[in-house]
Amino acid sequence: MTSIGIIGVGAIGGSLSGFMALEGEDVTFIDPWRENVDAMRRSGLILDGSVEGHVKEVAAYHTDELSQIPKDKKFDVLIVAVKSYDTLWATLPFITKDTWVVSPQKGINELQIAPIVGAERTLGCVTTISAAMMEPAHITRTDSMAQALQTEPICFKVGELDGRVTERVERLAEPFGPAGRTVVTEDLWGERWTKLSTNCMANPISAMTRLSSYDMRADDRVRRTMFKIAVEAIRVGRAMGYHVKAPIGDFTLEDLRQAATEGHPSLEETFVGKPQKIPGRPSMAQDVIKGRPTEIDYLNGFVVEQGRRVGVPTPYNSAAVAVVKGIEAGEFEVGLENIGRVESMARAG
C-alpha cells in the first residue's frame, strides 16, 4: 500500500485525499487550520455535494504537531494542496529520497517545488473539480465550470515535468481515481497553462463580484470581460512555447477573441451551459468571503509577470490584479461595478 501525506486539507486537497482514504489508502492528513484538524479528529471528514462520502477515522495533524507523526512514517507520495503562497514551507516535511511530491494547486507551483526536492521527484496534477469548504472538516463538491464544458469530465490529469509516460505516473493515477476520473498527460505544461487561463478568468471575477460560476457565465458583460482575460493568458502561454488550448470545447483562440469583442453565439452558448445543480464559487471568491489572502499573484499576477518577460501585453489581467488587491486592502467593495472598473483600467493601460 502506498503511504500518502496530504498537506492542506482544504476543499480540493481534502476532496482528493478523502476519497483516497475511503478506498482504503494509507492517508495522513496535515493542515494549518486548527479547527479543521480538531473537527476531523472528532467526527472525521464529511464529503457531500455532487459526490458523497464520510471518512470516519482520520489520522489528522496540525502543522505544529509534525513531531507527533510516528518517526517511521515516511511518505511515498506527498500531496501539496495548500495555497500557492504557502507552498515553500509545506513541501519540506517528511521528504525522503524516494518521495514523490505532487501539486494539484491552482498556480504553476512545480516551479516552486522542483528547486526544493528536485525535478526528478516532482509530479504535476491539473484538477478540474470544484469544491467548497465553508466549515471545518466538511467539503462540498460543486459543479465546476471546466467539467461543465466536457462531455466526459476528467477530474485530474497527472504528468511528469518532461512529458514522459512513466510507470510511476501511471501508478499515481490509480489512487487518484476514487476522487474522480484521472488520466495521464504527456503535456503537463500545456495543460497547466490551459487550466491557468480558466482560473484567471473565473477566480478574480467571482472574487470581485461574488457571482457564482454559472451567474458569471450567464451575464453578457461579465462573460466578455472573462474572455478578454483568458485570451491574454493563452497568448502568454503560447509565446512561451506551450501548447495552450482555448478552454472551451473545440473552439479556437480566434473564436474566443471574437466572443470577447464582437460576440460568438455558438461559443457563448456552449460556455454558458446550464445552471448548476449545486452552485459554487471559485476558491478566490471563498477567500474574499472568509477575509483570507487570495492567490491573485500566483494566477493573474503570474500571467502579467510572464507577459512582460515574453513581450505580450496583459492589460486585463493587470486590471484584475489591481481590483482584487484593492478589495483585499479595503479600497473597493465587492460588486458588479468592479467589472466596469476592470474595463476602465484595462483601456487606460
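Miscellaneous remarks
- Distant-in-sequence amide contacts of S3, defined by a placed amide H-H separation under 5 Å and a gap of 5 or more residues or a different chain, comprise D76, V77.
- Centre separation in Å (Cα based) which lies between the stretch 167-186 and the stretch 117-144: 14 Å
- For the stretch 191-348, with +1 on Lys and Arg beta carbons and -1 on Asp and Glu, the positive-most of A320, P279, M240 along the dipole: M240
- Considering only the stretch 117-236, percent of DSSP beta bridges that pair antiparallel, nearest 5: 75 percent
- For the chain, the residue among V342, I69, S212 whose Cα projects farthest onto the positive side of the dipole built from Cβ charges is V342.
- Computed from point charges on the beta carbon alone (+1 for Lys and Arg, -1 for Asp and Glu), the dipole magnitude for the chain about its Cα centre is near 500 Debye.
- If R0 equals 51 Å, the separation of the Cβ atoms of T96 and L253 corresponds to a calculated FRET efficiency of about 0.75.
- Tail fraction, Cα-Cα pairs, the stretch 3-186, threshold 27 Å, whole percent: 20 percent
- In summary, the lysines within cross-link reach of K106, defined as a Cα separation below 25 angstrom excluding same-chain residues under 8 places away, comprise K83, K157, K195, K228, K245, K274, K277, K290, K325.
- Peptide packing: for 170-182, 253-265, 122-134, the average count of neighbouring Cβ atoms within 10 Å per residue gives the ranking 122-134, 170-182, 253-265, highest mean first.
- Taking the average, over residues, of other Cβ atoms within 10 Å as the packing measure, peptides 294-302, 267-275, 308-316 rank 294-302, 308-316, 267-275 from highest down.
- Beta-bridge orientation, the chain: approximately 30 percent antiparallel, per DSSP, counting only bridges with both partners inside.
- The trypsin sites (Lys or Arg not before Pro) of the stretch 1-97 that DSSP puts in a loop, and whose beta carbon has at most 16 other beta carbons within 10 Å, are K56, K71, K73, K74, K97.
- Directionally averaged shadow of the stretch 149-244, computed from the convex hull of its alpha-carbon atoms, nm²: 7.3 nm²
- In plain terms, the residue of V80, V183, V288 with the fewest other Cβ atoms within 10 Å comes first and the most crowded comes last, giving V183, V288, V80.
- Dipole of the chain [Lys/Arg +1, Asp/Glu -1 at C-beta], most positive-end residue of Q258, I7, P293: Q258
- Computed from backbone phi with θ = phi - 60° and the Karplus coefficients 6.51, -1.76 and 1.60, the 3J(HN,Hα) list for the stretch 115-129 is x, 7, 9, x, 4, 5, 10, 9, 10, x, 9, 9, 10, 10, 6 Hz; x is used for glycine and proline.
- Its Cα gyration tensor gives the chain an equivalent ellipsoid. The semi-axes, each the square root of 5 times an eigenvalue, are 33, 22, 19 Å from largest down.
- Principal semi-axes in Å for the stretch 191-348 [√(5λ), Cα gyration tensor, largest first]: 22, 19, 14
- In the stretch 1-126, Cα pairs under 8 Å separated by at least six residues give a relative contact order of 24 percent.
- Cα centroids of the stretch 311-349 and the stretch 194-226: 13 Å apart.
Values quoted throughout were computed directly from the atomic coordinates according to the rules given, and no laboratory measurement underlies them. Remember, it's a predicted structure, so these values are computed and weren't measured experimentally. Methodologically, a virtual Cβ is constructed for each residue, glycine included, from the backbone with ideal geometry; neighbour enumeration extends over all protein chains shown.
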